[in-house]
Amino acid sequence: MRLLVLGTGGMANTHAEHFSAIPGVELVGAVDVDPARAMAFAERHGIARTFADLQQALAWGEFDAATNVTPDRVHHPTTLALLAAGKHVLCEKPLAESFAKADEMADAAERSGLVTMVNLTYRNVAPLQKARELVLSGTIGLVRHIEASYLQSWLVSRAWGDWTTESQWLWRLSTRHGSNGVLGDVGIHILDFAAYGSGSEVEAIYARMKAFDKAPGNRIGEYELDANDSFAMTAEFSNGALGVIHASRWATGHLNELRLRMHGDRGALEVIHTPEGSSLRGCIGEDVENARWREIDAGQVPTNYERFVAAVREGRPVEPGFRHAADLQKVLDLAIEAETARRELAV
Ligand SMILES: NC(=O)c1ccc[n+]([C@@H]2O[C@H](COP(=O)([O-])OP(=O)(O)OC[C@H]3O[C@@H](n4cnc5c(N)ncnc54)[C@H](O)[C@@H]3O)[C@@H](O)[C@H]2O)c1
């Protein structure tokens, strides 16, 4: 499979490393509007060709699939162009900045018959897959209460770089640069983590969010720092459970931690994922009496990159697809609406 990498910033390195490790996948081209960045990236990953925009790459055309690792607001026009040219697409999350655009992308994907997938990275977490399996097989009974959080601290630490000077962090802080803040950036991950893990859908939400003051006039150069940094949501799930879902970039002490706790009438499960690794614990059966938790072995699961390549080879659909990502985007749009309306909204 000949793969084009579109956008060669921070996350594209993870894509290049994963895809090039899959036998039979060849990285044939790299595209970035910053030619120096594209060239350095191509050299680092042994890619023969670079292009200054997608149109040039499409005019050349010698690739089967593309991985779209551009900033959020660029996903929509570029993915539609790739699909129109008959290329399979793995697109980064969020699919777009609004449900309307994400829906248009899902429609185009369905019409095309091509393989399309959204990179909800945490589907790669084996304990999440195992937890879902246990919930769906009834191991913890009826799920009543769900608690999901995504904690980052890049606004209070330099572990990932300096957000005050680096464009990859600054565009994430600005709505005019197409960001829906922490809600759009990692809210989509934790919504998926909670819904997929519990084998359920979010049916109604209430949400509050906040952008904190962080620079004089809340502006750095061309970036107005108005996108939310923290959000808190209450959610009603289709399985009847009530839940809280929240995320922050101000979560001092946590570089990148996702946690999902699910409490049922016969047991409970807890999934934790951090850069150091992931774990699954359960309190099930007799253990419920004295609240004793035990580690559960979750084994291993294939990555999204591996599953995308397998789907392209076999010519079949793969999840999480664009329709699922568009459905999640609808919840994100509603959260923004709920912040203004200050009331619960149904999905
Ligand atoms: N799945 C995950 O866990 C995960 C993690 C990090 C980032 N992401 C997503 O990946 C995407 C990229 O994030 P990043 O951190 O790499 O950002 P980044 O700013 O580091 O990189 C984006 C790159 O795209 C380039 N670009 C912009 N417009 C372009 C265009 N029209 N054509 C070609 N290239 C263009 C930029 O010059 C830049 O080099 C975002 O959508 C982000 O949400 C996902």
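Output the residues belonging to the range 78-108 that are more than 20 Å from F308 (Cβ to Cβ) and surrounded by fewer than 18 Cβ atoms within 10 Å (Cβ to Cβ).
Narrowing the range 78-108 to residues more than 20 Å from F308 (Cβ to Cβ): 97-101, 103-104, 107.
Within the range 78-108, A100, D107 qualify.
Report, by residue number, each residue of the range 136-158 that is closer than 22 Å to I284 by Cβ and surrounded by fewer than 21 Cβ atoms within 10 Å (Cβ to Cβ).
L136, S137, G138, T139, G141, L142, R144, H145, E147
Scan the range 52-71 for residues that are buried (at least 21 other Cβ atoms within 10 Å of the Cβ) and within 14 Å of the ligand (Cβ to nearest atom) and jot them down.
Result: L54, A57, A66, T67, N68, V69, T70.
Residue-by-condition table, conditions (1) β-branched (V, I, T); (2) part of a loop (DSSP other than H, G, I, E, B); (3) within 16 Å of the ligand (Cβ to nearest atom):
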{"site": "I146", "(1), (2), (3)": "yes, no, no"}
{"site": "Y150", "(1), (2), (3)": "no, no, yes"}
{"site": "T164", "(1), (2), (3)": "yes, yes, yes"}
{"site": "W169", "(1), (2), (3)": "no, no, yes"}
{"site": "L183", "(1), (2), (3)": "no, no, yes"}
{"site": "I188", "(1), (2), (3)": "yes, no, yes"}
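Restricting the search to the range 238-249, which residues are surrounded by fewer than 21 Cβ atoms within 10 Å (Cβ to Cβ) and over 19 Å from the mean Cα position of the chain (by Cα)?
Result: S238, N239, G240, A241, L242.
If you take the residues in the range 109-129 that are under 20 Å from A66 (Cβ atoms) and more than 14 Å from the ligand (Cβ to nearest atom), which one is surrounded by the fewest Cβ atoms within 10 Å (Cβ to Cβ)?
The extreme case among them is R111.
Taking the range 251-280 on its own, how many of its residues are touching a strand residue (DSSP E or B) at 6+ places or on another chain (Cβ under 6 Å) and within 20 Å of G161 (Cα to Cα)?
Going through the range 251-280 one residue at a time, the tally reaches 6.
Just to be sure I understand the filter: pairs with C-beta atoms under 6 Å, separated by 6 or more residues or on different chains, first member in the range 270-296 and in a loop (DSSP other than H, G, I, E, B), second member surrounded by 14 or more Cβ atoms within 10 Å (Cβ to Cβ) and of a type in the set (D, E, K, R). Which pairs pass?
What qualifies is W293/R281.
Answer yes or no as to whether T8 is surrounded by fewer than 16 Cβ atoms within 10 Å (Cβ to Cβ), among the hydroxyl-bearing types (S, T, Y) and within 11 Å of the ligand (Cβ to nearest atom).
Working: surrounded by fewer than 16 Cβ atoms within 10 Å (Cβ to Cβ): no; among the hydroxyl-bearing types (S, T, Y): yes; within 11 Å of the ligand (Cβ to nearest atom): yes.
It is false that T8 is surrounded by fewer than 16 Cβ atoms within 10 Å (Cβ to Cβ), among the hydroxyl-bearing types (S, T, Y) and within 11 Å of the ligand (Cβ to nearest atom).
Working only within the range 22-41, note down all residues that are touching a helix residue (DSSP H, G or I) at 6+ places or on another chain (Cβ under 6 Å) and away from the ligand (no atom under 15 Å from the Cβ).
I22, V25, L27
Restricted to the range 193-227, and to residues that are among the aromatic types (F, W, Y) and under 24 Å from G178 (Cβ atoms), which residue is surrounded by the fewest Cβ atoms within 10 Å (Cβ to Cβ)?
So, considering only residues that are among the aromatic types (F, W, Y) and under 24 Å from G178 (Cβ atoms), the one surrounded by the fewest Cβ atoms within 10 Å (Cβ to Cβ) is F212.
Tell me, which residue of the range 190-205 that is in a helix (DSSP H, G or I) and over 22 Å from S137 (Cβ atoms) is nearest to the ligand (Cβ to nearest atom)?
Per the stated criteria, the residue is I190.
Output the number of residues of the range 83-100 satisfying the condition of being within 13 Å of the ligand (Cβ to nearest atom) and either of a type in the set (D, E) or touching a Lys or Arg at 6+ places or on another chain (Cβ under 9 Å) (or both).
4
Looking at the range 143-169, I want the residues that are acidic (D, E) and have a partner that is within 15 Å of the ligand (Cβ to nearest atom) with Cβ atoms under 8 Å, at least 6 apart or on another chain. Which pairs are those?
D162/W169
Against the definition (more than 9 Å from the ligand (Cβ to nearest atom) and under 18 Å from L82 (Cα atoms)), how does G46 come out, yes or no?
In short, no.
Residue check: is E306 assigned to a helix (DSSP H, G or I), open to solvent by 70 Å² or more (accessible area, probe 1.4 Å) and within 30 Å of I22 (Cβ to Cβ)?
Spelling it out, E306 is indeed assigned to a helix (DSSP H, G or I), open to solvent by 70 Å² or more (accessible area, probe 1.4 Å) and within 30 Å of I22 (Cβ to Cβ).
As an exercise: evaluate V31 against (1) under 24 Å from the mean Cα position of the chain (by Cα); (2) open to solvent by less than 10 Å² (accessible area, probe 1.4 Å); (3) touching a residue at least 60 places away in the same chain (Cβ under 8 Å) and give the number of the one condition it does not meet.
Tallying (1) under 24 Å from the mean Cα position of the chain (by Cα); (2) open to solvent by less than 10 Å² (accessible area, probe 1.4 Å); (3) touching a residue at least 60 places away in the same chain (Cβ under 8 Å), V31 fails exactly one: (3).
Can you tell me which residue among H75, H18 is open to solvent by less than 50 Å² (accessible area, probe 1.4 Å) and touching a helix residue (DSSP H, G or I) at 6+ places or on another chain (Cβ under 9 Å)?
Going through H75, H18 in turn, just one is open to solvent by less than 50 Å² (accessible area, probe 1.4 Å) and touching a helix residue (DSSP H, G or I) at 6+ places or on another chain (Cβ under 9 Å): H75.
Out of (1) in contact with a helix residue (DSSP H, G or I) (Cβ under 8 Å, 6 or more places away or on another chain); (2) assigned to a loop (DSSP other than H, G, I, E, B), what's the single condition that is false for V156?
(1)
The values are calculated or read from the model by the stated rules, or taken from the named source; none is laboratory data. As the structure is a prediction and not an experimental result, all values here were calculated from the model. When we count neighbours, we look across all protein chains shown, and the Cβ atoms used for this are built from the backbone with ideal geometry, even at glycine. In case anyone asks, the SASA skips ligands and DNA or RNA and just uses the protein heavy atoms, side chains included. Shrake-Rupley method; radii C 1.70, N 1.55, O 1.52, S 1.80 Å.
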